[in-house]
1. Quick check on the chain: take the gyration tensor over C-alpha atoms, sort the square-rooted eigenvalues as a ≥ b ≥ c, and tell me if it's rounded (a/c under 1.5), prolate or oblate.
2. Just add up the charged neighbours of residue 246: K/R +1, D/E -1, any other residue whose Cβ is under 15 Å from the Cβ of residue 246.
3. So which aspartates and glutamates pass the test for residue 19, namely a Cα distance under 14 Å, with those fewer than 8 places away in the same chain ruled out?
4. With label points built 7 Å along Cα→Cβ from the Cα atoms of residue 28 and residue 192, find their separation and express it in nm.
5. Specify whether the C-alpha gyration tensor of the range 189-229 places it in the rounded, prolate or oblate class, a ≥ b ≥ c being the square roots of the eigenvalues: rounded for a/c under 1.5, otherwise prolate if a/b is larger than b/c and oblate if not.
6. Below 8 Å, C-alpha to C-alpha, sequence gap of six or more: please give me the relative contact order for the chain in percent.
7. Would you mind checking the pairs 160/236; 185/233; 112/160; 178/228; 112/236; 185/229 and listing those with alpha carbons more than 30 angstrom apart?
8. Mind listing which GluC sites (Glu not before Pro) in the range 1-90 are in a DSSP loop and have 16 or fewer other Cβ atoms within 10 Å?
Amino acid sequence: MQVIVSDGGSTDETVSVLKEFGDSIIWWSAKDKGFVNAVMKGVAKATGDILAIQSSDDYYLPGAFREMAATFSKNPDTGFVSGGECSIDLSGNIISLSNPSGAITPETILFKTIPPQHATFIKRNLFEEIGGLRSDVDMCADIDLWYRASHIRPGIYFEKIAAVYQLHPDQRTVISDKWYPNLVKMTELCEQEPRYASKFRLNREQKSDLFAYWEMNWTTKRNAQEGKKVALKQVKNLFSLSQRTNRLLLGILIPTFLKAGLKNLGSLISDGSATTNGVKELNINWCGVPERNA
């Protein structure tokens, strides 16, 4: 196994730690142009037939490489494989576990599960065939890589938790506003290239639903209040959206509606609203949304 560390010029103790490994790893520390540039510099130095990308906060679990090799051996035609992930917080507490199974296709990536970068392995010849990572979609470059690869040679999940993903508040998955536009661009770019579009493409309804889901999901991750505004705009499409997108929409809005309803209820009880035959009339707008004229 070959370990290559492409460090972007860290000013903490990273370099001193790397030096401790001597010649057992390949490494450098210098300014780069971001995630895609750093990874592609590392790939250029790699000599193996299987490539994997690991971020500085994440790590593989024992048995991951053995399971990866066994899965490739059992499925020689597959282009990439992926395992499950364990998400932890900064204190090491387990937040979630994900261990999908089955084939990895363009459709499963868009509508079911995205292969986790830190648990995915791709054959070098497929990586090179599709041109590696693209800086056009730098925020979701790893997702774009799996998405394009799955058009050419579908991948497969192996049923083992392969890596740990550490969550922290400053991650780009939390703070960046590029996720939604980059994912849309990823989809559009693939549909503009015949080698991908000839294998899989979305119809108008699927695309509209998917883009609505992405916009609500990634906006809410970054800013809950902005996410609610985006979700409110989709209420009018409630009956035309997929179950997955509706679940997300309602999950964003229902807590707000309930909070508004309970607040109105408390206000009505405290100020003594009008009654009929001694029974209070509770005229509550549970949704907190102004009524529209017919």
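Every number in this text was worked out from the coordinates using simple rules, so none of it is lab data. Everything quoted here is computed from the prediction, not taken from an experiment. Cβ coordinates were reconstructed from backbone atoms using ideal geometry, including for glycine residues, and neighbour counts include every protein chain displayed.
1. prolate
2. Counting the neighbours of residue 246, the net charge comes to +1.
3. Counting by Cα, and skipping residues close in sequence, residue 19 has these aspartates and glutamates nearby: 7.
4. Result: 3.1 nm between the two label points.
5. Cα axes put the range 189-229 in the prolate bin.
6. The value is 15 percent.
7. Going by Cα-Cα distance, 160/236 fall outside the 30 Å limit.
8. Those that pass, being in a loop and sparsely packed, are 13, 20.
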